[in-house]
Amino acid sequence: MDFSFTDEQEQLRRTVRAFAESEILPHVMEWDEVSAFPSALIPKLAELGLLGVLFPEKYGGAGLGYIEYVIAIEELARVDGSVGLIVAAHNSLCSNHIYKFGSEAQRQKYLAPLAEGKKLGCWSLTEPEAGSDAGGTRTVAAKAGGGWILNGAKTFTTNGHYADVCVAMAVTDRSQASHGISAFIIEKGTPGFRPGKKENKLGMRASDTSEVVFSDCHVPSENLLGEEGKGFINSLQVLDGGRISIAALALGMARGACEAATRYAQERRQFGKPIAQFQAVQFKLADMATEIAAARMLVYRAAWLADRSRTEDGLIRFTRESSMAKLYASEVAVRVANEAVQVFGGYGFTKDYPVEKFYRDTKLCTIGEGTSEIQRLVIARQLLDPR
């Protein structure tokens, strides 16, 4: 077994870490306080190739794999989970759906500018009455005028207000249940398509989360993404990679919280010595570091399998492993952030230190891309029926 990274991967980690600490860290609390989307950061992320990590160079991407992708998301999230989430939703959901299931024409028209970072993407599956039960989608698409007319609304869409390209699911044949849901590509500015309410969130506040609304929205027939009726099935495949994204986010934030707690424990003095010398604090730090190490193994194993799947035409499955990584890393992140606040004591409850933000941000990871409860169902089904 070889757990080492290549020289190129280590260089990527150093580059993204330096970028995060110089370009993101000084603004984290400012953006969080007013829920400001960091629009000025997008071209800089694009320049680093972080908006096209997973895609071949012929489409304007960086031509890298899931290992490199996890490294990048982890390092961004170590400083600010919101920025990591913006990049993750763009890469692994919107752009990846087009890459995996789009036609060559769709890849050239939409994936290339997304991978180059000239455009930002969003992905809309969830609805007010269709969360974990995504098969209960109510947004409809009816054939008309050589294309489709979409009506309905989606919620919890990351990048919803700022995206140039949206991939959305809609029912095209109600009688076929989940097999009657199709995916569509919708461009910003399309008549009848608009962002709706922006959510005022507990955490990840610099990441835009909003409704998107379709009102007699005409989509040309060539913007059907993948086969008609396969949108939901394809979404589940896209979510296998999306869960690795959330696992990487959780891993990065857990690391950020643990590192902050470790530094503080060495600086904070009580009873005449640093609190790091007290066994109670040492045990907290030891447990945090151990759980992070275990989560890291699950996350990078899932990424490794995802890369193998890409090189072997999807013959390698990683549904169970991505769900395990997402489940464990997200719950570890919540526990680590909670303990980090405890190490800081009263100061952990103030905005003068970073751990209160990690505490708020990490909770999303147990909900987004399928709740912890859904992950347990996915894992159990894979164990009981591994076909």
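The values are calculated or read from the model by the stated rules, or taken from the named source; none is laboratory data. Computed from a prediction, not measured in an experiment: that's the story for all the values here. As a convention, Cβ positions derive from the backbone with ideal geometry for all residues, glycine included, and neighbour counts pool all protein chains shown. Quick note on the areas: whole protein, heavy atoms, side chains included, nothing else; ligands and nucleic acids left out. Shrake-Rupley method; radii C 1.70, N 1.55, O 1.52, S 1.80 Å.
Pick from I67, I71: which is more than 18 Å from G368 (Cα to Cα), among the hydrophobic types (A, V, I, L, M, F, W, C) and open to solvent by 10 Å² or more (accessible area, probe 1.4 Å)?
On the way: I71 fails: open to solvent by 10 Å² or more (accessible area, probe 1.4 Å).
Being more than 18 Å from G368 (Cα to Cα), among the hydrophobic types (A, V, I, L, M, F, W, C) and open to solvent by 10 Å² or more (accessible area, probe 1.4 Å) holds for just one of I67, I71, which is I67.
Of S323, S330, which residue is of a type in the set (S, T, N, Q), under 27 Å from A265 (Cα atoms) and crowded, with 21+ Cβ neighbours inside 10 Å?
S330
Return yes when L298 is within 23 Å of D2 (Cβ to Cβ), at pLDDT 95 or above, part of a helix (DSSP H, G or I) and not acidic (D, E) and no when it is not.
The answer is yes for L298.
Restricting to segment 45-69, and then to whatever is touching a Gly at 6+ places or on another chain (Cβ under 9 Å) and not in a loop (DSSP other than H, G, I, E, B), can you tell me which residue is nearest to A112 (Cα to Cα)?
Top of the filtered list is Y59.
So which residues in segment 364-387 are open to solvent by 90 Å² or more (accessible area, probe 1.4 Å) and assigned to a helix (DSSP H, G or I)?
Once the filter is applied, which keeps residues that are open to solvent by 90 Å² or more (accessible area, probe 1.4 Å) and assigned to a helix (DSSP H, G or I), segment 364-387 yields E373, R376, R381, L383, L384.
Give just the number: which of (1) touching a Ser or Thr at 6+ places or on another chain (Cβ under 7 Å); (2) not in a loop (DSSP other than H, G, I, E, B) does E21 not satisfy?
Of (1) touching a Ser or Thr at 6+ places or on another chain (Cβ under 7 Å); (2) not in a loop (DSSP other than H, G, I, E, B), only one is false for E21: (1).
Which one of these is closer than 30 Å to G135 by Cα and in contact with an Asp or Glu (Cβ under 6 Å, 6 or more places away or on another chain): S245, S322, S309, S235?
Matching residue, one of S245, S322, S309, S235: S322.
Within segment 123-163, track down each residue that is over 17 Å from the mean Cα position of the chain (by Cα), closer than 20 Å to T366 by Cβ and touching a residue at least 40 places away in the same chain (Cβ under 8 Å).
A134
Touching a His at 6+ places or on another chain (Cβ under 8 Å) and either under 19 Å from A88 (Cβ atoms) or surrounded by 15 or more Cβ atoms within 10 Å (Cβ to Cβ) (or both): is that true of F37 in this structure? I'd like the intermediate steps shown before the answer.
Working: touching a His at 6+ places or on another chain (Cβ under 8 Å): yes; either under 19 Å from A88 (Cβ atoms) or surrounded by 15 or more Cβ atoms within 10 Å (Cβ to Cβ) (or both): yes.
Judged against the criteria, F37 is a match.
Among the residues of segment 203-239, which ones are among the β-branched types (V, I, T) and open to solvent by less than 10 Å² (accessible area, probe 1.4 Å)?
Restricting attention to segment 203-239, the residues satisfying the condition of being among the β-branched types (V, I, T) are 209, 212-213, 219, 233, 238.
If the condition is that a residue be among the β-branched types (V, I, T) and open to solvent by less than 10 Å² (accessible area, probe 1.4 Å), then V212, V219, V238 are the ones that fit.
If D287 passes every condition in (1) free of Cβ contacts under 8 Å to residues at least 24 places away in the same chain; (2) open to solvent by 60 Å² or more (accessible area, probe 1.4 Å) but one, which one does it miss?
(1)
In segment 342-363, what residues are in a helix (DSSP H, G or I) and under 24 Å from the mean Cα position of the chain (by Cα)?
V355, E356, K357, F358, Y359, R360, D361, T362, K363
Kindly indicate the residue of segment 138-152 that is assigned to a loop (DSSP other than H, G, I, E, B) and in contact with a Gly (Cβ under 8 Å, 6 or more places away or on another chain) and also surrounded by the fewest Cβ atoms within 10 Å (Cβ to Cβ) among those meeting that condition.
R138
Just to be sure I understand the filter: pairs with C-beta atoms under 7 Å, separated by 6 or more residues or on different chains, first member in segment 16-28 and on the phi < 0 side of the Ramachandran plot, second member among the charged types (D, E, K, R) and open to solvent by 70 Å² or more (accessible area, probe 1.4 Å). Which pairs pass?
The qualifying pairs are E23/K44.
If you take the residues in segment 171-202 that are within 30 Å of R360 (Cα to Cα) and among the basic types (K, R), which one is surrounded by the most Cβ atoms within 10 Å (Cβ to Cβ)?
In this case the residue turns out to be K201.
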